[in-house]
Amino acid sequence: MQRIKTILGALAFLYPVIASAQHVFTISTKPGAPVQPTMYGIYFEDINFGADGGLYAEMVENRSFEFPDRLMGWKMFGNVTVNDRQPAFDRNPHYVSLADSGHVEKRTGIENDGFFGMGVKKGMEYDFSVCARLHDASSSQARIRVELVNGNNDIITRQRIAIVGKDWTKYTARLVSNATCPNACMRIFLETATGVDLDHVSLMPADNWHGLRADLVKDLEDLHPGVFRFPGGCIVEGTDLATRYQWKNSVGPAENRPLNENRWNYTFAHRMYPNYFQSYGLGFYEFFLLSEKIGAEPLPILNCGMSCQYQNRDDDPQAHVALADLQPYIDDALDLIEFANGSTDTKWGKLRAEMGHPAPFHLKEIGIGNEQWGKLYPERLAAFVKQIRAKYPKVKICGSAGPSAQGDKFDYGWEQMRKLKVDLVDEHFYMSPDWFLKNANRYDYYPRTGPKVFAGEYASHVKGAGNRLDVAMNNFEAALSEAAFMTGLERNADVVYQATYAPLFAHVKGWQWRPDLIWFDNLSSVRTVNWYVQMLYATHKGTNVLSLTEKGKAVEGEDGLYASAVFDRDSKEYIVKVVNTTAEERKITLHFKGIKRLNAGTVITLHSDDPTSTNSLRHKNRVVPLTSQVETSGNTLTVKVPAKTFAVYQF
């Protein structure tokens with residue numbers, strides 16, 4: 001009898017707490033479906049000057065004089081010519097010759113403004129290098145002067161280099177900037193009557209990481225992504241097959257990686273960049289290295305024998321490879337797996353070792369095709385699947401559901417992917433905030449068997465922000481809708497294998513597509529509000545889904561609330577994510593079923609009163625997460641989630 005009174009007393013104590021709350025969420029503490037380590041990741045494509053002029057730290061544009069207009073990006077004065085006789089590099093054969101100006105008061109030289117100027121910082125060191133030789137083999141020595149100059153023609157720093165010998169040789173110099181300047185330029189003067197030949201003219205910040213910009217690498221590292229998709233995107237397909245991304249051209253010595261046209265140079269009439277090319281300085285080897293650095297599984301995407309279907313007709317035989325001619329494309333996929341995972345006594349594993357990484361990269365998944373649709377795609381993909389399965393049965397294969405989130409192409413794509421028994425199906429959706437809110441339950445009704453979902457490109461697109469400043473579309477409204485949608489990804493981790501926000505980078509002066517996760521100029525970067533949403537999910541993904549319900553149903557938009565929960569077996573923590581999309585505070589009781597007591601916890605909140613609020617290069621911390629302590633008693637607590645807030649609770 002006394003035991004019954006005790007239970008009734010406890011219930012009486014609990015009831016007012018629960019009854020006073022507007023909402024009661026019940027969280028089962030029994031671990032459910034596993035959350036993949038790859039669940040939240042990033043997608044890289046060289047759009048918005050994301051590679052050359054961005055993540056790739058090279059500051060010299062057209063450093064090897066291989067643009068179709070050989071001197072695009074350069075200004076020349078005096079006696080300068082372009083040559084290709086006995087080049088230093090067979091796949092980048094062009095170089096410049098600097099000869100005597102012919103007058104004591106004249107100068108010969110070249111000038112490069114870099115990508116929207118060269119950003120230099122006071123006290124920072126910059127590594128200059130050039131492949132050079134004497135133009136006249138009978139000469140004994142020549143000298144060049146390298147300068148960094150600001151917009152007022154003031155010299156920031158300079159070094160002189162003596163060129164000796166008739167053979168191509170790499171020369172280096174370290175320049176130390178005495179000022180900060182966002183738009184410096186580099187000048188190279190010939191200081192002797194003896195002429196020189198110059199190729200692969202390079203300038204990089206000395207703090208670069210394997211040729212990548214240190215601050216942008218840090219932005220990626222701090223995201224803690226689980227998967228890293230590269231190199232795209234439509235860039236994989238190319239406008240035509242000749243300009244598709246070919247990974248074998250992106251490995252080996254950077255000086256001899258051939259130039260490729262960028263798919264995005266003329267795509268957008270309002271943001272055309274005829275000087276947009278791919279040097280491949282950031283290639284597949286660097287992508288794999290970066291994956292290791294940031295702790296993400298690499299996911300390379302390869303061409304399936306089709307060029308961009310948006311830009312080509314399906315019945316154009318020049319646009320898509322005939323099935324009978326597909327083997328070289330399949331070989332590219334098989335050889336890539338060997339490059340990533342093969343022993344050093346294999347052809348491509350040996351190259352990986354020669355480049356500095358004898359250990360394998362442990363590639364576990366590969367994508368074939370980007371956002372292809374129609375019958376041409378599955379009939380080509382089938383040939384890839386057959387041979388990859390035969391040689392590398394443990395490597396997961398990712399296919400595509402096409403460019404849209406629904407419709408006939410989407411349905412056909414999924415039907416075919418199931419028939420081919422691919423492991424993952426890539427879905428893309430760039431939609432409005434309202435769509436993201438209404439589709440938080442998207443995966444509740446997906447079949448629980450067959451291929452898993454890879455949400456390979458997604459972002460919430462806010463309309464009406466086109467004329468505002470550079471990051472206007474990366475506003476809080478968009479980020480909050482993504483946070484709400486992602487509760488559905490997490491809740492359905494038995495179906496959703498991984499997801500990657502897209503695109504990743506944008507130069508504030510060279511963007512073509514918005515929104516983007518990280519914006520930058522030549523001196524610094526800014527983490528958007530969307531970046532913080534992705535980071536909070538990636539750093540609190542847990543290991544297993546927990547059932548979270550209200551009145552027996554998933555919390556997916558009723559009364560403007562969205563929620564999901566996970567358990568982390570490693571930290572023994574319960575993690576609850578709640579998104580309040582309304583304009584009013586919400587009082588919520590969290591009841592953890594199956595345990596007696598919660599540990600004291602924390603709550604991280606991301607909030608703004610202004611849905612149009614953004615982080616920018618001038619105001620980097622307008623919207624950032626805030627952490628506070630949460631006191632607990634027993635297995636139930638009541639919390640107040642502010643209006644327009646994404647909250648992450650840890651116990």
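The values are calculated or read from the model by the stated rules, or taken from the named source; none is laboratory data. For clarity, every value in this text was computed on a predicted model and none was experimentally measured. Quick reminder, even Gly has a Cβ in these numbers, built from the backbone with ideal geometry, and neighbours come from all protein chains shown. With ligands, DNA and RNA removed, areas are computed over all heavy atoms of the protein, side chains included. Shrake-Rupley method; radii C 1.70, N 1.55, O 1.52, S 1.80 Å.
How far apart, in nm, are two points set 7 Å out from the Cα along the Cα-to-Cβ line at Ser138 and at Asp411?
So the label points at Ser138 and Asp411 sit 8.0 nm apart.
With the full set of protein chains in place, find how many percent of the accessible area of the chain is carbon and sulfur; take the probe as 1.4 Å. If you can, show how the numbers build up before the last one.
Working: 13340 of 26160 Å².
The nonpolar share, carbon plus sulfur, comes to 51 percent.
I'd like the Karplus ³J(HN,Hα) series for segment 25-36: coefficients 6.51, -1.76, 1.60, θ = phi - 60°, whole numbers in Hz, and an x wherever there's a Gly or Pro.
9, 9, 10, 6, 8, 7, x, x, 4, x, 8, 5
For the chain, give me the percentage of DSSP beta bridges that are antiparallel, rounded to the nearest 5 percent.
Values: 98 of 138 bridges.
Taking every DSSP beta bridge with both residues in the chain, the antiparallel ones total about 70 percent.
Only four residue types carry charge here, +1 at the Cβ of Lys and Arg and -1 at the Cβ of Asp and Glu. Report the dipole size of segment 94-174 about the Cα centre in Debye, rounded to the nearest 20.
On the way: 12 positive and 10 negative charges, 48 e Å.
So the magnitude is around 220 debye.
For labels at Lys587 and Asp84 in the simple 7 Å Cα→Cβ model, what's the distance in nm?
7.7 nm
Near the amide H of Glu365, under 5 Å away, which other amide H atoms are found, from residues 5 or more places off or on another chain, if H is placed in the peptide plane?
For Glu365, whose amide H was placed from the backbone, the distant partners under 5 Å are Lys396.
Which net charge results when you count Lys and Arg as +1 and Asp and Glu as -1 among the other residues whose beta-carbon is under 12 Å from that of Met72?
Cβ neighbours under 12 Å give a net charge of -1.
Around Phe115, under 9 Å between beta carbons, what's the net of Lys plus Arg minus Asp minus Glu among the other residues? Mind dumping the intermediate values first?
On the way: positive: Lys509; negative: Asp52, Glu58, Glu61, Asp113.
That works out to -3.
What is the helix-to-structure angle for 284-294, meaning the angle in degrees between its Cα long axis and the longest Cα principal axis of the chain, kept from 0 to 90 and rounded to the nearest 10?
On a 0 to 90 degree scale, this one is about 40.
Roughly how much of Lys391 is accessible, in Å² to the nearest 10, using a 1.4 Å probe?
110 Å²
For the chain, take the longest principal axis of its alpha carbons; what is the angle in degrees between that and the long axis of helix 2-20, to the nearest 10 within 0 to 90?
Result, in degrees: 50.
Tally Lys and Arg at +1 and Asp and Glu at -1 over the other residues with C-beta under 9 Å from the C-beta of Asn92: what net charge comes out? If you can, show how the numbers build up before the last one.
Working: positive: Arg91, Arg257; negative: Glu66, Asp90, Asp199, Glu255.
The answer is -2.
Report, largest value first, the span of the C-alpha coordinates of segment 66-124 along each principal axis, in whole Å.
39, 37, 21
Report, by chain and number, residues whose modeled amide H sits under 5 Å from the one on Ser400, excluding near sequence neighbours (fewer than 5 apart, same chain).
Here Asp426 satisfy the definition.
Under a point spin-label approximation (7 Å from Cα along Cα-to-Cβ), what is the Arg158-Asp570 distance to one decimal in nm?
5.4 nm
What are the extents of the Cα atoms of segment 279-385 along their three principal axes, listed from largest to smallest and rounded to whole Å?
So the extents along the principal axes, rounded to whole Å, are 44, 27, 26.
Which cross-chain or sequence-distant (5 or more) residues have an amide H under 5 Å from the amide H of Val624, H modelled 1.01 Å from N in plane?
Under 5 Å from the amide H of Val624: His607.
Using only alpha carbon pairs under 8 Å that are at least six residues apart, calculate the relative contact order of the chain and give it in whole percent. Present the calculation step by step, with values, prior to reporting the outcome.
Values: 1595 pairs, mean separation 105.5, N = 651.
In percent, rounded to a whole number, it is 16.
From the phi of every residue in segment 604-620, what ³J(HN,Hα) in whole Hz does the Karplus formula 6.51 cos²θ - 1.76 cosθ + 1.60 yield, where θ is phi - 60° and glycine or proline is x?
Per residue, the Karplus-derived 3J(HN,Hα) values read 10, 10, 10, 8, 8, 6, 10, x, 8, 5, 9, 8, 9, 4, 7, 9, 6 Hz.
Go through segment 315-320 residue by residue and turn each phi into a ³J(HN,Hα) via Karplus (6.51, -1.76, 1.60, θ = phi - 60°); whole Hz please, and just put x for glycine and proline.
3J(HN,Hα) across segment 315-320, in whole Hz: 8, 8, x, 7, 8, 9.
Restrict the search to segment 50-151; then list the trypsin sites (Lys or Arg not before Pro) that DSSP places in a loop and that have at most 12 other Cβ atoms within 10 Å of their Cβ. Mind dumping the intermediate values first?
Details: sites: Arg63, Arg70, Lys75, Arg85, Arg91, Lys106, Arg107, Lys121, Lys122, Arg133, Arg143, Arg145; in loops: Arg63, Arg70, Arg85, Arg91, Lys106, Arg107, Lys121, Lys122.
Answer in residue order: Arg85, Lys106, Lys122.
Distance from the Cα centre of segment 573-639 to that of segment 509-549, in angstrom?
About 18 Å separates the Cα centre of segment 573-639 from the one of segment 509-549.
In deg cm²/dmol and to the nearest 500, what is the mean residue ellipticity at 222 nm of the chain if only DSSP H runs of at least 4 residues count, each as -39500 (n - 2.57), divided by the residue total?
Working: 11 runs with 126 residues, N = 651.
Counting only the DSSP helices, I get -6000 deg cm²/dmol.
In whole Å, what is the distance between the alpha-carbon centres of segment 275-339 and segment 186-216?
Going from one Cα centre to the other spans 30 Å.
Compute the Rg/Rh shape ratio of the chain: radius of gyration over Kirkwood radius, all on alpha-carbon atoms. Numbers along the way, then the final one.
Values: Rg = 27.9 Å, Rh = 26.9 Å.
When Rh is taken as the Kirkwood radius, the ratio is 1.04.
Projecting each Cα onto the charge dipole of segment 99-241 (Lys/Arg +1, Asp/Glu -1 at the beta carbon, about the Cα centre), which of Ile155, Ile110, Ala206 comes out farthest on the positive side?
Going by the Cα projections, it comes out as Ile155.
Might you tell me the accessible area per residue for the chain, computed with a 1.4 Å probe and given in Å²? Could you put the intermediate results ahead of the total?
Details: 26160 Å² over 651 residues.
Accessible area per residue: 40 Å².
Once you have the Cα-Cα distance between Asn544 and Ala359, take 0.36 nm times their residue separation minus that, and quote the gain in nm to one decimal.
Values: separation 185, 0.36 × 185 = 66.60 nm, distance 3.11 nm.
My answer for the length gained is 63.5 nm.
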